[in-house]
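Structure first, commentary second.
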Amino acid sequence: MEEEMIHPRPLQEEAYDMSGARLALTLCVMKAREGSEADISALEHMFKQLRFENTTKRDPTAQQFQEELKNFQDVIDNWKEPVSCAFVVLMAHGEEGLLKGEDGEMVKLDDLFETLNNKNCRALRGKPKIYIVQACRGEHRDLGETIGGDEMVMVTKDEPQTIPTYTDTVHVYSTVEGHLAY
Amino acid sequence: RHDVDGSTFIQTLTDVFCNRKGPILQLLTEVTRRMAKAELVQEGTARKVNPEIESTLRKQLYLQ
């Protein structure tokens, strides 16, 4: 029997329309986080280059994290022209799923993410939303693992032969966290 | 986080996003590659750290 030849077709590439407004929000706890100013400067430079209109708020309390996200959602929903993309940067001390405000109180990351989802932010429905979170997610420190096996490898200072423990993996779930899969 | 230079993650990410072109997930893969290669010394011991990326994007996203 002759085997049927299968010729996979290349993916049809579809991209988000980025011709509308690009809005960004940066919330950063500076207290006891030396070096934060350098991160804010680097982000402001990046947002300028990528044509995002960015608002930076320093030292938000836990409640202000939530309020600033809600204000951002109001701004986006009332923007005078179509909005193409929202970019949110959150920088603070943290634990898994939590950020610590300037007042030492914690705020849930999931509650912050809810604010701009397709249910709560009409202007961003079907539009890309980028969240960057610079915060600890626990106490573990990774010493890394040696790569190269038994092969002879040249170890130099510039090319350390270790990699972090958790790389080279793709996790794909059939549904988002907390939801049924059918 | 470096007291003067800032965090490795934010500094790497902004450098890649400003100086490389491509879909955002490819750019983030490059951020992971660079961070996995780097060695951060904390209390005299080399540490490794890398970001974790979760995506529900339905299309390619180009920022440049």
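The figures follow:
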| quantity | calculated |
| --- | --- |
| Candidate set from region B:17-63 (those that are part of a loop (DSSP other than H, G, I, E, B), modelled with pLDDT under 95 and facing another protein chain (nearest Cβ under 7 Å)); member that is surrounded by the fewest Cβ atoms within 10 Å (Cβ to Cβ) | B:Glu39 |
| Restricting region A:1-54 to residues that are over 14 Å from A:Ala92 (Cα atoms), of a type in the set (Lys, Arg) and in contact with a Lys or Arg (Cβ under 8 Å, 6 or more places away or on another chain), the residue that is surrounded by the most Cβ atoms within 10 Å (Cβ to Cβ) | A:Arg22 |
| Unmet requirement for A:Thr55, which otherwise passes all of (1) in contact with a Phe, Trp or Tyr (Cβ under 8 Å, 6 or more places away or on another chain); (2) among the β-branched types (Val, Ile, Thr); (3) within 14 Å of chain B (Cβ to nearest Cβ) | (3) |
| Subset of region A:144-178 that is over 24 Å from B:Val31 (Cβ atoms) and modelled with pLDDT of 85 or more - its residue that is farthest from the other protein chains (Cβ to nearest Cβ) | A:Ser174 |
| Which numbered condition A:Ile76 misses (of (1) in contact with a Lys or Arg (Cβ under 6 Å, 6 or more places away or on another chain); (2) touching a residue at least 12 places away in the same chain (Cβ under 8 Å)) | (1) |
| Residue ranges of strands (runs of 3 or more DSSP E) in region A:13-124 with at least 1 members more than 24 Å from B:Cys18 (Cα to Cα) | A:93-95, A:98-100, A:106-108 |
| Residue check for B:Thr14: without any contact (Cβ under 8 Å) to a residue 60 or more places away in the chain and more than 7 Å from chain A (Cβ to nearest Cβ) | no |
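The values are calculated or read from the model by the stated rules, or taken from the named source; none is laboratory data. The model shown is predicted, which means the values in this text are computed figures rather than measured ones. Glycine gets a Cβ as well: all are built from the backbone with ideal geometry, and neighbour counts include every protein chain shown.
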